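Scroll down for the structure; my scribbles are underneath it.
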Amino acid sequence: MDGRAKHFEKIGLQQKLFTRQQLVAARRTVGPTGDVGKELVRQGVLAQQQLKGLERAVAYRLGRDEDKEIAKVIIDSSYCSAESVEEALRKQKEFYGKTGELLRLGVLLVRSRELSESQRIAAHKIYGIEQQGAGY
C-alpha cells in the first residue's frame, strides 16, 4: 500500500468517515489496484463532497511531509535559518486551515525573500536525489 492509501485510510478512520469494516469491504470489492474512495461513495458510505475533503486532507499531509523533509535540506544547506523555515511552516499550516489548500514551503520562502528561486530548485533536487538513494 502506498503513502496516499495509508493516509487516506488513517485520516478517514480518525475523522470517523467510515469504519474499518466498511473500508475492508470496499477494499475487497475493488481489489489491490482499485479506487477505495470511489467505492465508498458508490456504496453510500461517503458523500462525494466528503471524498473530496478527504482527498484534499491526504494531499495536504503528503505535501506537508515532503515539505518537512525539504525544510531539513534547506537548513542543512544553509540556504536560510531554521527560524525562517519554522515560520513558513507555521504560515503553511495556517493557510491550509483557512483555505483547505496547500501552499508549498518553497513558494512561501521565495515570496518572503528568505530563499532564492535557484535555492528552492536546488533543495528539491537534493531531496529527490536523497529519495532515490533511500530506495536502494
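What to note about this one:
- Shape call, the range 1-46: gyration tensor on alpha carbons, a/c limit 1.5: oblate
- If the chain linking ARG20 and GLN43 were pulled fully straight, counting 0.36 nm for each residue of separation and taking away their Cα-Cα distance, it would gain 6.8 nm.
- Helix 3-14 and the longest principal axis of the Cα set of the chain meet at an angle near 60°.
- Signed unit charges on C-beta, dipole axis of the chain, positive-most listed residue ILE75, ALA59, GLN48: GLN48
- Dipole magnitude for the chain: computed about the Cα centre from +1 point charges on Lys and Arg Cβ and -1 point charges on Asp and Glu Cβ, it is near 620 debye.
- Taking PHE95, PHE18 and counting other C-beta atoms within 10 Å, the order from fewest to most: PHE95, PHE18
- Rounded, prolate or oblate (a/c below 1.5 giving rounded, otherwise prolate when a/b exceeds b/c) for the range 63-136 by Cα gyration tensor: oblate
- For ALA123, neighbours were defined as the other residues whose beta-carbon sits under 14 Å from its Cβ, and their charges (Lys and Arg +1, Asp and Glu -1) total -2.
- Partners for LYS125 among lysines (Cα-Cα distance below 29 Å; same-chain residues under 8 apart left out): LYS6, LYS68, LYS72, LYS91, LYS93
- 3J(HN,Hα) along the range 82-99: 4, 5, 5, 5, 4, 5, 5, 5, 5, 5, 4, 5, 4, 4, 4, x, 7, 10 Hz, from the Karplus curve 6.51 cos²θ - 1.76 cosθ + 1.60 with θ = phi - 60°, whole Hz, x for Gly and Pro.
- Using the Cβ-Cβ distance between SER112 and ARG56 with R0 set to 25 Å, the FRET efficiency works out to roughly 0.50.
- Couplings 3J(HN,Hα) for the range 28-44, derived from phi with the Karplus relation 6.51 cos²θ - 1.76 cosθ + 1.60 (θ = phi - 60°), are 5, 5, 8, x, x, 10, x, 8, 5, x, 4, 5, 5, 5, 4, 7, x Hz, where x marks Gly and Pro.
- Rounded Å value of the spacing that divides the Cα centres of the range 1-55 and the range 104-120: 35
- Per-residue extension of 0.36 nm, minus the Cα-Cα distance of ILE129 and THR99, leaves a gain of 7.6 nm for this segment.
Bear in mind these aren't lab numbers, they're just calculated from the coordinates by the rules spelled out. Being a predicted model, the structure only gives us computed values, none of them experimental. Positions of Cβ are backbone-derived with ideal geometry, glycine not excepted, and every protein chain shown enters the neighbour counts.
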